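Remarks on the structure that follows.
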Amino acid sequence: LPSLSLPSSMHLIQVDSVQRWMEDLKLMTDCECMCILQSKPISIEKDEENDLLLSSQHSTCDNLQLLLKRAWIISTELTRIAQKLEKNRWQRVHSMTVRVNCHVRSMINEYSMFTRNASEEMHQFEKLLLDKCSEFTAFTERCIQTEDEQMLKSMKSCINETLTTVAQYFGQWIELVLTHEAQNLLRQIELSESTYITETAINSLFSLTQEGVHLCRIIAKEGGVVALFKICRQDCFRCLYPQTLRTLASICCIEEGMHQLEKVDGILCLADILTDNSHSEATHAEAAAVIAQITSPHLTFTQHLSSFLENMEEIVTALVKLCQEASSGEVFLLASAALANITFFDTMACEILLQLNAMQILLAACSDKHKVDTPYSRDQVVTILANMSVLDQCASEIIQGNGIQLLMEMLFERSSSGNSAEVAACERVQQKSAVTLARLSRDPEVADAAVKLSCIPRLIKLCRSPTERNNSDSVLVACLAALRRLAVMSPEQLEDSDFQQLVKPRLVDSFLLCTNMEESFV
């Protein structure tokens, strides 16, 4: 055949396609491709990125990440097989089964290349899984070789049962693998005296916690919280405290992690770290992050809070100081988030905050763009203000700190990026600032200050204009409540139509009226 002269643009397309193919082949392969790829290289360069196998050249963390990606692919494939089976797409079921069989065998071979001292139980599950995968492939092959509808129907239930068993064995094997690797990492953390080895193990452990709650549960079950707090009690590992605490914060999102924390007096350890001025700001910030995690109002388990109350005063004092001295928005966010959560479960925390002049510190921070630079930080500040506003002494404090002006500004909070998380944070800021105004306006002096700052027109706008509150019902309810409280103090500030629609009816009737309101009526 005569050689063809391809244009340069065509060469570029070909190179891009090959590169894309090589990238995809890292994790998605067919049996035929694997046979070829394992026999000879497809690149003359020593490009480690094109290495398909998990090997000792990678770190344990990299190997586990690839392993988890492969596991995700296999799980997805098994789900797709079930969908195709439901539609009687036998040819597709068979080809996908062959592919899963290939993936499973590759995964087991790859894992055996870098694992150490694998248990007998793991080897047993590997054999069970491989045998069941072979059986599964044989079943589906028989299905494409027959056109007898009755036989296919009878085989379908067998295939479904085999598919379920494959998925079950695969899940159990992955569980054993992850448990084994977590044990290895924790053994390194507990036994190593080398800062480098310990740091590498902690970083790998943190990486695993980011893969989801299930892995956090495995790590907690294997004693991860105990091992990490042991590091936090050794001065020789002070430089590792930030990443150790960050890993602890991730594990303590689950109940098992909290039980472990309680057993090792973790809260006392955190209090010691927060109150020790010789620690770095980064260490204090990460300790604040752990406090924020374990005091989250979203947690349904609260057994640990009894020991927290014993250390609350010194923890709150340290967190207020951290807010005051924070050198960045991130540090302020972590410290204020911990304080915000603490104010939810005990009014004593609010009284301590008043004694520490926390109101003035937080209000001052809001005018410092280096500290309070996002809606997320303002959300934490206004949460604290809302919870403190139940105390009668709070009114004079907020007036002294020009807090009504700040609450008014927060009623205008809008997202600049349109990011869904940021939009939700802005809604919370609007809602909580309205709640705070409603609570504080029982004091005539606060109500008068709010009226003078034109809070009433802004509240009316938020009630009547869905876009101003991003269609949030919670913002609407809070604004109606604040408006009604201010209307009692200054009824002359409302027009008759506003009074008749937003104040006079029952709250639920005004709410329904506003939720059904079109923008054109505003």
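A few remarks follow.
- Which of 235, 272, 346 is most accessible, then next, and so on - probe 1.4 Å: 235, 272, 346
- In Å², nearest 10: area of residue 452 left accessible to a 1.4 Å probe: 150
- With every protein chain in place, the chain: carbon and sulfur % of accessible area (1.4 Å): 52
- Here the Karplus curve 6.51 cos²θ - 1.76 cosθ + 1.60, taken at θ = phi - 60°, turns the phi angles of the range 434-450 into couplings of 5, 4, 4, 4, 4, 5, 6, 6, 5, 8, x, 5, 5, 4, 5, 5, 5 Hz, with x standing for Gly and Pro.
- Accessible surface, per residue, of the chain when the full set of protein chains is kept, probe 1.4 Å, Å²: 49
- For the range 289-300, 3J(HN,Hα) per residue [Karplus equation, 6.51 cos²θ - 1.76 cosθ + 1.60, θ = phi - 60°, Hz, x = Gly/Pro]: 5, 5, 4, 4, 5, 6, 9, 4, x, 7, 6, 8
- 296, 134, 389, ranked by accessible area, largest first (probe 1.4 Å): 134, 296, 389
- Heavy-atom accessible area order for 379, 368, largest first, 1.4 Å probe: 368, 379
- Sequence-ordered 3J(HN,Hα) estimates for the range 119-124 from the Karplus curve with 6.51, -1.76 and 1.60 and θ = phi - 60° stand at 6, 5, 4, 5, 4, 5 Hz, glycine and proline given as x.
- Each Cα pair under 8 Å and six or more residues apart adds its separation to the average, and for the chain the resulting relative contact order is 7 percent.
- Only Lys, Arg, Asp and Glu carry charge here, each on its Cβ (+1 for the first two, -1 for the last two); on that basis the chain has a dipole of about 980 debye about its Cα centre.
- Taking 32 Å as the limit for the C-alpha separation, the pairs 221/371; 84/221; 230/369; 371/461 exceed it in the case of 221/371; 84/221; 230/369.
- Heavy atoms of residue 90: accessible area, 1.4 Å probe, square angstrom to 10: 40
- Computed over the chain, the quotient of the alpha carbon radius of gyration and 2.2 N^0.38 Å is 1.28.
The values are calculated or read from the model by the stated rules, or taken from the named source; none is laboratory data. Every value quoted in this text rests on a predicted model; they were computed, and no experiment measured them. Glycine gets a Cβ as well: all are built from the backbone with ideal geometry, and neighbour counts include every protein chain shown. Accessible surface is based on the protein model in full, side chains and every heavy atom, while ligands, DNA and RNA are left aside. Shrake-Rupley method; radii C 1.70, N 1.55, O 1.52, S 1.80 Å.
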